[in-house]
1. Give, in nm to one decimal, the length gained when the segment between Thr292 and Thr214 is fully stretched (0.36 nm per residue of separation minus the Cα-Cα distance).
2. Starting from the 7 Å offset along Cα-to-Cβ, what nm value, one decimal, do you get for the label separation of Lys272 and Trp75?
3. Hey, can you find the accessible area per residue of region 69-143 for me, probe 1.4 Å, expressed in square angstrom?
4. Near Leu191, within a Cβ-to-Cβ distance under 14 Å, what is the net charge of the other residues, with Lys and Arg +1 and Asp and Glu -1?
5. I need the calculated FRET efficiency for the pair Glu65 and Lys265, taking r as the beta carbon distance and R₀ as 51 Å, to the nearest 0.05.
6. Which number comes out as Rg/Rh for region 43-167 once both Rg and the Kirkwood Rh are worked out on C-alpha atoms?
7. Using a 1.4 Å probe over the heavy atoms of the protein chains, calculate the carbon and sulfur portion of the accessible area of region 196-330 as a whole percent.
8. Place a point 7 Å from the Cα of Lys282 along the Cα-to-Cβ direction; which residues of region 121-160 have their backbone N under 11 Å from it?
Amino acid sequence: MRIALGSLILVFSAFYPYAAFAQGDAAAGKARWENLDETRCGHCHGMKGEGAYGPDLAGRQLSFEQFKQAVRKPWGVMPAYPENQISDQVLQNFHAYMTSQPRVATPGPWRTPMPANAPYGQRLIVETVGCGQCHGDTMLVPRQDAGGVNADFEWFKKLVYDHVNALPEHRKQLGVPVGTLRMGNYSRARLPEPILEEIFKYMRDDLKFRVPVTASLKAGSGGAYDLEVGNEGLAGKGWSAEDVTITLALKPGTKVKGATGDGYKGVKNDAKGDMAVWQVAKVAPKVEQKFTITLDSGGIASGMVSWTKPALGNGKPDQVPVTMPKPSGQ
């Protein structure tokens, strides 16, 4: 008796659906899992699936359907990741990688541990909801996004409960690249609004929102450098950085030929060495400010932009590092 190959597949898959359909590439899964520019599952589950804030996955031998269910419709506080964010094929690769790993006796440590004597809002961020495992215990990036639009709680809710749609809209509004979506959508049932509002208030009132200041240094020819300082906030709504100091740390023996740009104060020396310094009154949203510096010799080690208003929750000035030029050949 001859049986068509298609019939055999149908019969086999009826009894062994995992074997028939859950085909994954463990090597591709490992590469994607470890690429933090794409996904950050490892921040909660460990970089080898050994577990941390989230449960261990390595060697658990879950079926693909069980693995997929945990991603699409999680049981706990973990956000849900729809297929248009992480495809079934990527999940199959992750599953193959986790299945190929040995089981662990003890899960690994949390990526972001609970700070000593943490206040209530910080405890919610780090241990109750787990936001801090990606965003850190002071939520630097969300506070910067909030400062860019002088956010209210309605804005924050949309970003948390409908992140996959709300974040691209937020970035388009600011006129910045949408980039890669690494967070899914939190469930209102697993993360109730009163808890989320406590987190928002802690970010706004205690830690304080941040101004989304950016700064980059580009190398030209003949020892010349261009420095651009901007503010990605929404014009007419986002916060301005005020009382701004821009410093470029000079390598030992560096000689400055000249510099341009409002507020240049020359080269000053402190305990860390020589610094080229500018002081400006304000960096407003969507108003880019340009500066130049030309060296006779030496080089620039690093740079920093700091401002006193608005200050951080502890009263200290806020700051961002200057993005330095890549070494030649990279």
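1. Full extension of this stretch gives 26.5 nm more.
2. A separation of 4.9 nm, rounded to one decimal place.
3. Working: 3760 Å² over 75 residues.
Per residue, region 69-143 has an accessible area of 50 Å².
4. Computed value for this residue: -1.
5. 0.20
6. On the way: Rg = 16.2 Å, Rh = 16.1 Å.
We get a ratio of 1.01 for region 43-167.
7. 47 percent
8. Once the point is set 7 Å along Cα→Cβ of Lys282, nothing inside region 121-160 turns out to lie under 11 Å by backbone N.
The values are calculated or read from the model by the stated rules, or taken from the named source; none is laboratory data. Note that the structure is a prediction, hence the values are computed from the model and not measured. Glycine gets a Cβ as well: all are built from the backbone with ideal geometry, and neighbour counts include every protein chain shown. Heavy atoms of the whole protein, side chains included, go into the accessibility calculation; ligands, DNA and RNA do not. Shrake-Rupley method; radii C 1.70, N 1.55, O 1.52, S 1.80 Å.
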